[in-house]
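Read through the structure below, which is laid out as structure tokens, and then see the notes.
The values are calculated or read from the model by the stated rules, or taken from the named source; none is laboratory data. The shown structure was predicted, so the numbers you read here are calculated from the model rather than taken from an experiment. In this analysis, Cβ positions are derived from the backbone assuming ideal geometry, glycine residues included, and neighbour counts consider all displayed protein chains. Surface areas here come from the heavy atoms of the whole protein model, side chains and all, with no ligands, DNA or RNA. Shrake-Rupley method; radii C 1.70, N 1.55, O 1.52, S 1.80 Å.
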Amino acid sequence: MAATAAETRMFLEVRRQLQSALLILGEPKEGGMPMDISIMPSSLQMKTPEGCTEIQLPAEVRLVPSSCRGLQFVTGDGLHLRLQAQAELGTKLISMFNQSSQARECCTFYCQSCGEVIIKDRKLLRVLPLPSENWEALVGEWCCHPDPFANKPLHPQENDCFIGDSFFLVNLRTSLWQPRPELSPVEMCCVSSDNHCKLEPKANTKVICKRCKVMLGETVSSETTKFYMTEIIIQSSERSFPIIPRSRFVQSVITQCLVQLSSARSTFRFRIQGQDDKVYILLWLLNSDSLVIESLRNSKYIKKFPLLEDTLKADSSSAWSAIKVLYQPCIKSRNEKLVSLWESDISVHPLTLPSATCLELLLILSRSNANLPSSLRHMNSFQSFLQM
């Protein structure tokens, strides 16, 4: 894109499956300045008395200029119009960093936040997906004899890795790494008829990183440990630890989880909750086939949220595949009635993460919402999110 004096924001969302696009052209910063807009199959051109801006579209995107319709001016956004677009469907709409584990000869588990080695040179002979959370009830419905799996939890053996919705289950019996002990919280217990109370230690199952003190998972049994996907990177032992910015990694993993669950289970509403079952976010997945091209992204939020610096591109234009969700924050007792309704709805799927990661995700959602054109930030009572 040629640098000019005319700084006009352009936002283009292409829906691959629908072969349609929404184009939003903001007003120049000078305001009230006449502008000529030319739409070509592979580029957009905006001319003002101050200069000319031309934006080249990605090679896989082609617009159909003659299909422009629905032209309107929206205060605060600029010009809105819709048109047909031809976009390739071959792009995989999953995380750019593949976090699913595959059976390899030797793998190393790293803490994603600091690179600390958690499990070194582990042979994974079996990498298997866990059944859904209600699998035992389904067995009872289908079997004409007593449930052979009753009271038999699925625990991995030494060279196994079981994959859940948002976690890995591994066996640490032979691992040299041990979870760092953490001071257990205390709870008040009454021990006599006089209601005299004393503090007793509460069972603590958290697994935290020795180096950076981040919560990595929880102990399930004396030999089995649950590691959350957002906290662990599994890499071939022959390769070095990949340095991935934290916020980009979190949103990539969450995106992959949402897309896979919606495809496998036809569920599109999710409760994002902490390991203590406290609900932090309600998510509603709308689509996962968007391609977004944007110029002059708003970078003022870097100063406000330093965690998100890596998600903003250094150049003035960018393109990325995206999912679109609606979300409601539920911290500080917000949306309690809606949370109660969603908790009692069997079509809403819970997704459990460390509490700190839930807050990180909420920060990412807020940043993405603030960067959207103002007319796209809300739908009914929900806020919008468009990122991958």
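Only residues that are out of contact with any helix residue (DSSP H, G or I) (no Cβ under 7 Å at 6 or more places or on another chain), surrounded by 11 or more Cβ atoms within 10 Å (Cβ to Cβ) and over 23 Å from R16 (Cα atoms) were counted in the stretch 55-79, giving 1. Determine if the stretch 191-206 includes at least one residue that is open to solvent by less than 30 Å² (accessible area, probe 1.4 Å), assigned to a strand (DSSP E or B), out of contact with any helix residue (DSSP H, G or I) (no Cβ under 9 Å at 6 or more places or on another chain) and at pLDDT 50 or above. No - not one qualifying residue is present in the stretch 191-206.
At least 2 residues being over 30 Å from M40 (Cβ atoms), open to solvent by 30 Å² or more (accessible area, probe 1.4 Å) and modelled with pLDDT of 75 or more is the threshold, and among the strands (runs of 3 or more DSSP E) wholly inside the stretch 81-176 those reaching it are 117-122, 126-129.
Determine, yes or no, whether Q275 is of a type in the set (S, T, N, Q) and under 18 Å from I364 (Cα atoms). Let's see the steps before the verdict.
On the way: of a type in the set (S, T, N, Q): yes; under 18 Å from I364 (Cα atoms): no.
Taking the combined requirement at face value, the residue does not satisfy it.
Restricting L338, L365 to residues that are in a helix (DSSP H, G or I), of a type in the set (A, V, I, L, M, F, W, C), under 15 Å from I272 (Cβ atoms) and free of Cβ contacts under 8 Å to residues at least 60 places away in the same chain narrows the list to L338.
Quick one: is E187 in a strand (DSSP E or B) and at pLDDT below 50? Full working, then the answer.
Details: in a strand (DSSP E or B): yes; at pLDDT below 50: yes.
Yes.
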